[in-house]
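Asker: One structure is given below, represented as structure tokens, and several questions about it will come after.
Bear in mind these aren't lab numbers, they're just calculated from the coordinates by the rules spelled out. Everything quoted here is computed from the prediction, not taken from an experiment. Here the Cβ positions follow ideal geometry from the backbone for every residue, glycine too, while neighbour counts run over all protein chains shown.
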Amino acid sequence: MTQVGMWLLAVMFLTSGLLLIVFLLKNRFEPSGLEAWTIRDVVQLAGVILNIVALAIAVGAIQVAINSYKENKESGQKQQVELDSSRKALEAVVETAQAQQVVMKEQQTQLQTSLLMSKAQLDLIEEQTHREGERLARKPFVALLYGDSDVSGLSAPIELRRGGEFTRLTLNVRNNGDASAEKGVVVVIADNPAVMIDRADGQVAERRSHHRFETIMPDLRPYPLTQDEFPLLLDLRGTIPGEFALSINVFGENFEAVRRKITFRVVGE
């Protein structure tokens, strides 16, 4: 804008100078010319001056317009560059945000998966704990029976019929609990050493104490569910008195031992 103003001033001064030179030359060569100027000449001169001024203004306006156009173009280009830079920066921010959103979704998915796995593990642990609690709450309960009666409830001696070579005794070990009775052992001891105790239908080989008998009992499942029991079939040999007692002990790994002393009375054949 400063250059345009200087150009306009230069044009106006140049025009004024030219007019002044023309006026002076005309007075020199035509001394009476000043008086001979008519209104028409003055108007023509003023019109010429105005045309020159208008031309100068037009040229200045064109120059201003050109400069303004250049400035606007440069400003537009600069703004376009800034806009492109801002757009790229915004696209980078959007891409970063989208990438972070994808990562957050993946993390959220992993977290949900971890929570589901943790919940499943907790449910499994809870179920296992519940089962273990139920298992620990279940216990075997071993009883010794003669016939269908628990020997602990018998007050009178049990009568046995005397046989030829042996006298047969049949007892049953039953598990009335709700868990298996494991690794049981049965030990039978006669209070009279003359009474020899053997397994039914099979005489035990030589041993130190014939009045003592021991056998391993298989695991007994709960009787109410399986009707499973262990028959204790014994043959009594030797000199059997009319009345004697047997101490019967049943013990194992996970149940309370059963200790019973039973009195027997032998009757004739």
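Asker: Could you tell me whether any residue of region 142-156 is surrounded by 10 or more Cβ atoms within 10 Å (Cβ to Cβ), acidic (Asp, Glu) and in contact with a strand residue (DSSP E or B) (Cβ under 7 Å, 6 or more places away or on another chain)?
Answerer: Within region 142-156 (the criterion being surrounded by 10 or more Cβ atoms within 10 Å (Cβ to Cβ), acidic (Asp, Glu) and in contact with a strand residue (DSSP E or B) (Cβ under 7 Å, 6 or more places away or on another chain)), the answer is yes, since at least one residue qualifies.
Asker: Kindly provide the set of residues from region 165-195 that are closer than 16 Å to Val266 by Cβ, among the small types (Gly, Ala, Ser) and either free of Cβ contacts under 8 Å to residues at least 40 places away in the same chain or part of a loop (DSSP other than H, G, I, E, B) (or both), ordered by number.
Answerer: The answer is Ala194, and nothing else.
Asker: Another one. Exactly one condition in (1) on the phi < 0 side of the Ramachandran plot; (2) surrounded by 11 or more Cβ atoms within 10 Å (Cβ to Cβ); (3) not polar (S, T, N, Q) is false for Glu126; which is it?
Answerer: Unmet condition: (2).
Asker: Being crowded, with 16+ Cβ neighbours inside 10 Å, within 60 Å of the chain's Cα centre (by Cα) and among the charged types (D, E, K, R) is the filter here; which residues of region 229-258 pass it?
Answerer: Within region 229-258, just Glu229 meets the criteria.
Asker: With the structure loaded, tell me whether Pro224 is loosely packed, with under 15 Cβ neighbours inside 10 Å, in contact (Cβ under 8 Å) with a residue 40 or more places away in the chain and under 21 Å from Gly147 (Cβ atoms) or whether it fails that test.
Answerer: For Pro224, the condition - loosely packed, with under 15 Cβ neighbours inside 10 Å, in contact (Cβ under 8 Å) with a residue 40 or more places away in the chain and under 21 Å from Gly147 (Cβ atoms) - is met.
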